[in-house]
Structures are given as C-alpha cells and as structure tokens.
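See below for the structure under consideration.
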Amino acid sequence: MGKYYRQLKAGGLIFTLLFLPPLFVFSAEKSAEKEKQFGFIFLPVIFYMPETKLAAGAGGLITYRSRTDSPLTRPSSCYFYAVYTQLRQFIAQVRPEVYWNKEKYYVSFLISAENFPDKFWGVGNKTPDEAEESYTPRSFSFELIGQRKIWSQKKMYLGLQGRLEQYKIIKFEPEGLLAREIFPGSRRGKTVSLGIMLSLDTRNNIFFPTSGHFYQFSATFSPKFLGSDFEKSSVRLDLRKYEPLFSGHVLSWQFLFQAIGGNPGFRQYATLGGDMIVRGYYSGRYRDKCLLAFQAEYRLPLWKRLGLVGFAGLGEVASSMTSFQLKNFKYSYGFGLRFKILPREGTNLRLDFAWGKKTSGIYFSANEAF
C-alpha cells in the first residue's frame, strides 16, 4: 500500500505492532447471490522511530464487484492509508481503481498528501552511505489515469494520464546537499505532467496473478507552459510474466526500464529501492535519470490460505542509457509470507524480508511487488 510501508531498518525502528494477529484484520465478502459483492481489509498500525516518535494509523483495501458482473470480471478496488505521528507529521493516500462496462473502461485516481521525513543520498549509482541526510517534504499530489480497451481479444488498453505534484521542503540538515541547493528542487517545486499509456494485460488476477502477462509502455511530458517548475519528459517500459508450473506453483518475473529527460527536480528522478523495485534498499536510496531493473519470484502454496515466496532482483540507475555497467548492478534477495485474506478476489497480505549489499528491509503490504 505504497510509501507508508517503508523499509524497517535495524536501529531505526524501536517498536512496531503491525499485522499478523487475526484480531487486527477484518474482512467481509458477500455471497454471489447478493446484489453487491465486496471485500474489506483493515490494518491498524502503531510504531516508533526517532524521526517520528510514536506514530499510529491504518490502511486497507476495499474490493467491489456488482451483481451484473461475471465472477471472472476484474473487481474495482480502493487502497487507502493514513498515519499521524507524535511530532505532528502525517502521510495519507487514497487510490481508487474502477473497471466498468465489462472491463471496457478503466479509471484510476491517486490523491496523496504528506508531511513526513524522508532520506536523500544524492544522485547517482555510487552515492556513499555516509552521504545520507534526512529531510521533510510537505507535498500534495493528484494523478488521473483513464484507459479504454481497444482490442478485446488481447485485452489491450490505450489511455491518457495526468499528474500534479507540488511540494516544499520544510526541514533539512543545515550542511547537507539540499541546504546547499546543489540539485534542482532543493527547496520547493511543482510538476504538471500529461502522458499516454499503452497496456496489454492478460493476467488472470490483478491482485495475485498466477498466469498471463502485463506489458505497459508510458510516456509523459511536463512542459513549463502547463505551470511546471521542471521541464522534463519520461518514458517507462514495464514487462511482467506469470508462468504456472504445478500444484499452484508460479514463476513470475519483471523487467523495468525508465528514462528521464530534461531538467527534473531531485524528487522526479527514477529511483531504485523500496517495497516494489529491488527490495532490500531504502526507497530512493539510488536515483538518477535512467533505471534498469529485473526481478523474479517463485510463489508456492504452503497450507490452506498461507503461501511462501522466494525472490531475487538486480537493478541500477545511471545518468544515461549508455552508462549502465554490469559490475555496478545492485542485487537483492529474500523470502516472504502470503496470507490470502480475501479468497474470492485472491487478495494477499504480504510480509517480505529482503537483503541487499550491506542493507536489509522488512515490508508489509496488501498488494504484490509486481
């Protein structure tokens, strides 16, 4: 469920009370004969970190399918989470995703607001660990994606996307990189982006695919005449494949490429790390104008609703497409547990333990990494 479930680093997290006891998770599914079918996951969270002191919040997932929809029709859904800390920091996000007219149309919204500490090491694939500095942005973002199916047999979608992001750095280290304004956007910034998107999606399940593929290409532009402080462009290619093996075992992989052109702010660079891309590294630990990543998972059932996942990944950021070098790729590996909280939709709770080069991470969410 996005940025809130950050990497939990040894020494940084003193106490966390999260997810596993069934008492803290509520779900509901109505029968197929009812007029409306829905599922609901609620995840209360409390934790303590030096950067936030005591913090509490909740996240969840709602899924919905109307009476007229086929059981094979993809459900609409809504992710949400909100956290407030003892230091009056907050982070909140809502992401509804809606399918209708037999999946002919798809619309996704993202509304996000935060005043929450983050970390920055500079730009590049070789930034040293000692360059780490903390900063706190106050930001708001809104994103809208609309797609229409243009080839029903192959489930191909064509669409448009728009995004607005505005932020101000309200706290930074006096002698750090941001204080010296070495990078664009070190104090504040606004980006207005427009783009196109082409998707080919044959996954049998959008929450926990066991067969099919997902191929997506997108291109966005942020011209100054729309009000952007940073004139930039971005292309992104996301290729995913899910191969069923035997008795519920699945081999899945993802290839991801992103290139940023123009003059982006430091928060608009392509980033490696976090709970989605090469787990084990802090989200945004490495950032630059280009990103290349590959990761794979082996998924298998354990017992009833419980599943197990093993994964590994490679990734690198670079200043240009010709600057990638195999020796500079970062590696990660790990394993995770899955608990099927909404069997009808195939929705899992995800708990991953990941290791990289001199780093590690623990991630908890209600959606898969890919």
Residue ranges of strands (runs of 3 or more DSSP E) in region 1-82 with at least 2 members at pLDDT 70 or above and hydrophobic (A, V, I, L, M, F, W, C) | 36-49, 53-66
Out of curiosity, is Gln93 touching a residue at least 24 places away in the same chain (Cβ under 8 Å), touching a helix residue (DSSP H, G or I) at 6+ places or on another chain (Cβ under 8 Å) and either buried (at least 18 other Cβ atoms within 10 Å of the Cβ) or part of a loop (DSSP other than H, G, I, E, B) (or both)?
-> yes
Residue hits (region 276-296; touching a residue at least 60 places away in the same chain (Cβ under 8 Å), assigned to a loop (DSSP other than H, G, I, E, B) and of a type in the set (Lys, Arg)) are Arg279, Arg285
When (1) in contact (Cβ under 8 Å) with a residue 24 or more places away in the chain; (2) of a type outside the set (Asp, Glu); (3) not in a strand (DSSP E or B) are applied to Ile111, the one that fails is (3)
Kindly check whether there is at least one residue in region 222-232 that is among the hydroxyl-bearing types (Ser, Thr, Tyr) and surrounded by fewer than 20 Cβ atoms within 10 Å (Cβ to Cβ).
-> no
Restricting attention to region 159-171, does a residue exist that is basic (Lys, Arg), free of Cβ contacts under 8 Å to residues at least 40 places away in the same chain and either part of a strand (DSSP E or B) or buried (at least 18 other Cβ atoms within 10 Å of the Cβ) (or both)?
-> yes
Could you list, in sequence order, the residues of region 228-270 that are among the aliphatic types (A, V, I, L, M), closer than 27 Å to Pro117 by Cα and more than 15 Å from the chain's Cα centre (by Cα)?
-> Ala259, Ile260
Among all residue pairs at least 6 apart or on different chains, which show Cβ distances below 7 Å where the first residue, located in region 349-366, is outside any strand (DSSP E or B) and the second is modelled with pLDDT of 90 or more and surrounded by fewer than 21 Cβ atoms within 10 Å (Cβ to Cβ)?
-> Lys357/Tyr331
What number of residues in region 118-150 are assigned to a strand (DSSP E or B) and either closer than 20 Å to Gly315 by Cβ or free of Cβ contacts under 8 Å to residues at least 12 places away in the same chain (or both)?
-> 5
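The values are calculated or read from the model by the stated rules, or taken from the named source; none is laboratory data. Predicted model only: the values in this text are computed from it and were never measured. Note: ideal-geometry Cβ built from the backbone for every residue, glycine included; neighbour counts use all protein chains shown.
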